[in-house]
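If you scroll down you'll find the structure; I have some questions about it.
The values are calculated or read from the model by the stated rules, or taken from the named source; none is laboratory data. Note that the structure is predicted; figures quoted are calculated from it, not measured. A quick note on method: Cβ atoms are made from the backbone with ideal geometry, for glycine too, and the neighbour counts reach across all protein chains shown. Remember, those area values only see protein heavy atoms, side chains included, never the ligands or the DNA or RNA. Shrake-Rupley method; radii C 1.70, N 1.55, O 1.52, S 1.80 Å.
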Amino acid sequence: MRVIVVGATGTIGRAVVELLAGRHEVVTVGHSSGDFQLDIASKSSIEAFYEAVGPFDAVVSAAGVARFGALRDLTDQDYALGLANKLMGQVNLVRVGLDYVKDQGSFTLTSGVLSREPMRGSAAISMVNAGLEGFVRAAALEMPRGVRINVVSPIFATETMRIMGMDTAGGMPAARFAPSYQESVEGRRSGQVLDVREFAPAP
Ligand SMILES: NC(=O)c1ccc[n+]([C@@H]2O[C@H](COP(=O)([O-])OP(=O)(O)OC[C@H]3O[C@@H](n4cnc5c(N)ncnc54)[C@H](OP(=O)(O)O)[C@@H]3O)[C@@H](O)[C@H]2O)c1
């Protein structure tokens, strides 16, 4: 398969590319890195990307920014960032990509555990993650031509927790998230939220 990975240079994207590259032709995409560049927050940038990239079987998105912040501190701009970038950015990868993806192709988006297991400071991120999961469940009902769509829900990556100065006890190396993405790309499921803990190989 020809598989596009958006966010390919990120903590999670790198692990996904490493797993899929031996099995498929992988096209790496980033904001300022990769084989192609795009800005998921700009629909015209997504349109230009799909025009340029050529035929493909699958899109994996491991990109998207949303802000942490205390409920009383989160600003309109903080909410707007998550909505335009992590939520609508990934939704638009699907909306625009539907005109280009091959029959029986697939889309795999990324949400996060905070939709269902929130923590203090996660209101904006939990909202965006839940929005992505609702979108995927509903959009799957209307996918044309046998196209599938799923969303992977990662827990915190230990790499990210280290950068944020968090205790890494509850995290998992990003490499262990990659089988969830592989299952979404290569399996038959659609309309599902894949919790990385269910697909992670034993440590
Ligand atoms: N890491 C975690 O612990 C964790 C846990 C749960 C959920 N998630 C979610 O997983 C996704 C990936 O997280 P991550 O930690 O792997 O991210 P990351 O390390 O910050 O990497 C982000 C990737 O996305 C690309 N990117 C950034 N802004 C972009 C834009 N506007 N348009 C297109 N590409 C863009 C970057 O490209 P450049 O390098 O070229 O800028 C990079 O490849 C995010 O949605 C995040 O919320 C992460």
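Within 10 Å, count the other beta carbons around each residue, average over each peptide in 20-28, 123-131, and list them highest first. If you can, show how the numbers build up before the last one.
Details: 20-28: 16.1, 123-131: 22.1.
So the peptides 20-28, 123-131, ranked by packing, come out 123-131, 20-28.
Along the charge dipole of the chain, pointing to its positive end and built from +1/-1 on Cβ of Lys, Arg, Asp and Glu, which listed residue (94, 21, 114) has its Cα farthest out?
114
With a 1.4 Å probe and all protein chains left in place, how much accessible area per residue does the chain have, in Å²?
Spelled out: the 1.4 Å probe surface of the chain, per residue, equals 47 Å².
Is it possible to state the helix-based mean residue ellipticity at 222 nm for the chain, with each DSSP H run of 4+ residues giving -39500 (n - 2.57), the sum divided by total residues, to the nearest 500 deg cm²/dmol? What is it?
On the way: 8 runs with 75 residues, N = 203.
-10500 deg cm²/dmol, from helical runs alone.
Still on this model: In the range 106-202, what is the volume of the convex hull around the alpha carbon atoms, normalised per residue and reported in Å³?
Measuring per residue, one finds 92 Å³ for the Cα hull of the range 106-202.
Return the Rg/Rh ratio of the range 15-168 with Cα-based radii and a Kirkwood Rh.
Ratio of gyration radius to Kirkwood radius: 0.97.
Any idea what the dipole of the chain comes to, in debye rounded to 20, about its Cα centre with Lys/Arg Cβ at +1 and Asp/Glu Cβ at -1?
320 debye
Using a 1.4 Å probe on the protein chains only, how many percent of the accessible area of the chain belongs to carbon and sulfur? Kindly include the intermediate steps, with their values, before the conclusion.
Numbers: 4880 of 9480 Å².
The C+S portion of the solvent-accessible surface of the chain is 51 percent.
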